[in-house]
Ligand SMILES: [Zn+2]
């Protein structure tokens with residue numbers, strides 16, 4: 001009985017988040033604020049009252065029409081709300097009822113007793129549920145507009161960091177102090193790269209490439225100039241679907257992608273420097289390693305280690321896609337993979353640690369079969385966005401983590417352990 005009440009509230013909460021996701025899916029691709037103006041009918045402009053804004057129920061009670069102008073309301077709204085509610089309930093059931101996750105993958109992570117429940121893992125659950133919501137919104141926007149809404153994934157990544165600071169949890173594979181130092185240095189290096197672009201010392205890649213003639217997607221084209229400028233630097237601009245920029249677009253993709261290598265250079269240099277400091281200089285090694293001693297710092301050590309896991313996951317997740325993009329673009333002379341996908345897997349890594357995005361990267365092509373099926377049914381013979389594949393791959397990796405880790409874990413432990 002108590003379980004049924006919890007499930008009802010988890011579903012209701014998920015449906016409310018789904019209601020918010022509808023706003024995100026509708027407004028973010030157009031560069032509009034998600035906060036103002038408040039919800040209104042896009043046709044007659046009438047504000048939507050709270051009693052007409054109850055997830056799923058209002059759509060049914062209004063019989064799918066605006067109360068004032070009777071314009072039909074898309075079934076997308078209640079569908080997204082129901083899907084979000086079911087998704088969050090599904091995650092709750094998988095984690096706390098079926099207890100699908102018992103394994104960690106860090107060097108000090110033993111098989112864990114499955115004693116987690118919502119009460120002692122609430123921040124972790126909120127972050128993981130938030131990640132699923134962000135992936136749903138990203139996939140929906142990607143399927144419709146062939147862009148990935150970056151702030152959505154950034155929000156999910158921030159949620160992951162906050163969750164681990166509030167309450168370190170065992171679903172994040174622990175990382176050793178050395179990996180935490182390398183990750184922190186690489187993170188600083190990325191900030192340095194962004195600073196260089198901000199100061200104009202480094203030109204963002206692919207900035208002058210015209211959008212390829214592809215399927216014209218009006219909402220994406222109406223994007224406000226400010227939003228467009230904010231996302232320059234290749235951060236999140238994505239060519240339509242899988243058709244990348246080629247030499248025919250008036251830019252040399254190989255040279256362009258080398259700009260991205262330059263952007264990443266400070267991160268690699270600082271990471272190597274940090275690795276040398278904490279492994280080769282005994283005094284630094286002792287001082288830094290001491291901070292991760294749980295006995296000496298019971299409050300700080302798990303949080304520092306958790307934050308290291310978040311950063312390491314963010315970098316590994318992003319690196320899978322960005323590395324593939326750089327190597328494939330250099331090899332084939334046409335832009336490969338979108339920067340939006342880099343942000344998707346980086347966000348996944350920030351919430352779940354490095355193992356899930358690594359598994360998702362290899363599961364994504366499998367999930368692609370499902371997406372092809374969907375597009376076939378919808379008779380949309382367009383190029384495929386990659387974001388939804390990664391989203392499905394991530395969900396598979398989160399749910400079947402234990403079996404996957406048992407299967408590939410020994411090999412990974414050789415690499416990272
Ligand atoms: Zn109306």
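Every read-out reported here was derived from the displayed coordinates using simple, explicitly stated rules and does not represent laboratory data. Just so it is clear, the structure is predicted and the values come from calculations on it, not from any experiment. Using ideal geometry, Cβ is built from the backbone for each residue, glycine included, and neighbour counts are taken over all protein chains shown.
Below, the figures for the structure above:
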{"item": "Shape box of the stretch 4-133 [Cα atoms, principal axes, largest first, Å]", "result": "60, 34, 20"}
{"item": "Pair residue 158, residue 46: separation of 7 Å Cα→Cβ label points (nm)", "result": "3.5 nm"}
{"item": "Dmax and Rg, reported as Rg then Dmax, of the stretch 245-392 (C-alpha, Å)", "result": "19.7, 64"}
{"item": "Alpha carbon centroid spacing (whole Å) that separates the stretch 130-170 from the stretch 268-331", "result": "22 Å"}
{"item": "Cα-projected label distance for residue 281 with residue 165, points at 7 Å along beta-carbon direction, nm", "result": "2.7 nm"}
{"item": "Burial order of peptide ranges 140-153, 27-40 (average beta-carbon count within 10 Å, highest first)", "result": "140-153, 27-40"}
{"item": "Cβ-derived FRET efficiency at R0 45 Å, residue 198 paired with residue 79, nearest 0.05", "result": "0.65"}
